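None of the figures in this text is laboratory data; all of them are computed from the coordinates on show. It should be emphasised that the depicted structure is a prediction, and the values quoted were computed from it without experimental measurement. Every residue, glycine among them, receives a Cβ derived from its backbone with ideal geometry; neighbour counts consider all protein chains shown.
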Amino acid sequence: AAWLYERLRDRPQSLGLPDIEVYNNEPSAKKAAKGEEDNMTYVQIFKKYILCNKTIWMLAIAYIFVYIIRFGAEDWMIMYLTKAKANISLADATNMIASLPLVGICGTVAAGFISDKVFKGKRAPVNLIYLIGVVVMLLLLKFNTINALNYVIIGLLGAFTYGPQMMIGGLCAVESSSKKVASAATGFTGTFGYIGAVFSATGTGFMVDKFGWNGAVAFWVASAIICITICTILFLEERKKAA
């Protein structure tokens, strides 16, 4: 933390370098250089691009449900495997859950690559594909009776969860705001993410107490469906603006 505090810089201009668009001679360079943000204070930019930004609010709300799924899987999966599934020991369940973050890393990298190369910088389609994958993996996990297959299902669940976590709360938030408040945008959505983590713990526990482990799975699936709905609205708005 001390090293980052001393070495990390906010943007090229703070070191006397030109804006990256100007340096690369990109078409948007002149517009970016002479934008209205130059005449606005930080508070004004924060209010316009975060507090009064409908897209940021929708991303923040979607991020709540992404974290419900993520922490639901990470915090409760071992108990789910040992309690709801037959013939799975604690040791086996621990080994199975290890595949979640490992494959999750690959899913994160793949999400960025696919959005850049396949969808030409569009993030919404990737979020939708990944979230549908979350629903499919949760249902497969519920009905699967082959223990060895749980490694694959849980790993893919991690991949499909980590992708939207990176995209919705990070990349999408930054791209939907201003570069001058990029950190504030990710911090704003991140705050809602940790609200989702609280809901994941209390909500999953409540559903298990009231409806058993089927209730927990239903809670996670419902969270994914709500997130899909929000991302679909953002996707349609993105297409409308592009038209």
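Annotation: peptides 40-53, 3-16, ranked by per-residue average of other Cβ atoms within 10 Å with the highest first, follow the order 40-53, 3-16. Measuring between alpha carbons in the structure, the pairs from Lys54/Lys210; Lys117/Lys241; Lys54/Lys142; Lys120/Lys179; Lys48/Lys117; Lys47/Lys117 lying more than 29 angstrom apart are Lys54/Lys210; Lys54/Lys142; Lys48/Lys117; Lys47/Lys117.
Could you work out the Kirkwood radius for region 114-233, taking every pair of different alpha carbons, averaging 1/r and inverting it, reported in Å? Intermediate values should be presented prior to the final figure.
On the way: mean 1/r = 0.0639 Å⁻¹.
Mean inverse Cα-Cα distance, inverted, gives 15.6 Å.
Against the chain, whose longest principal axis is taken from its Cα atoms, helix 124-143 shows a tilt of about 10°.
Region 114-206: which chymotrypsin sites (Phe, Trp or Tyr not before Pro) are DSSP loop and have at most 16 other beta-carbon atoms within 10 angstrom?
Details: sites: Phe119, Tyr130, Phe143, Tyr151, Phe160, Tyr162, Phe188, Phe192, Tyr194, Phe199, Phe206; in loops: Phe119.
Passing both the DSSP loop test and the Cβ count: Phe119.
If the Kirkwood radius is taken over C-alpha pairs of the chain, then at 20 °C and 1.002 mPa s the Stokes-Einstein diffusion coefficient equals 109 µm²/s.
Within the shell of other residues whose beta carbon sits under 14 angstrom from the beta carbon of Gly112, the net charge comes to +2, with Lys and Arg scored +1 and Asp and Glu -1.
Expected output is a single nm value to one decimal: the length gained when fully extending between Glu6 and Lys240, i.e. 0.36 nm times separation in residues minus the C-alpha distance. What is it? Working shown, then result.
Working: separation 234, 0.36 × 234 = 84.24 nm, distance 4.36 nm.
Additional length available on full extension: 79.9 nm.
Between region 144-206 and region 112-135, the C-alpha centres lie 14 angstrom from each other.
Once the Cα-Cα distance is subtracted from the 0.36 nm per residue extended length, the Lys48 to Ile78 segment shows a gain of 6.4 nm.
With n ≥ 4 as the cut-off for DSSP H runs, can you work out [θ] at 222 nm for the chain, using -39500 (n - 2.57) per run divided by the number of residues, rounded to the nearest 500? Please list the in-between numbers first.
Values: 11 runs with 183 residues, N = 243.
Theoretical 222 nm ellipticity from helices: -25000 deg cm²/dmol.
At q = 0.18, 0.25, 0.28, 0.30 Å⁻¹, what is the log10 ratio I(q)/I(0) for region 112-164, with the Debye formula run over Cα points and no solvent? Log-scaled intensity ratios, in q order: -0.59, -0.87, -0.99, -1.07.
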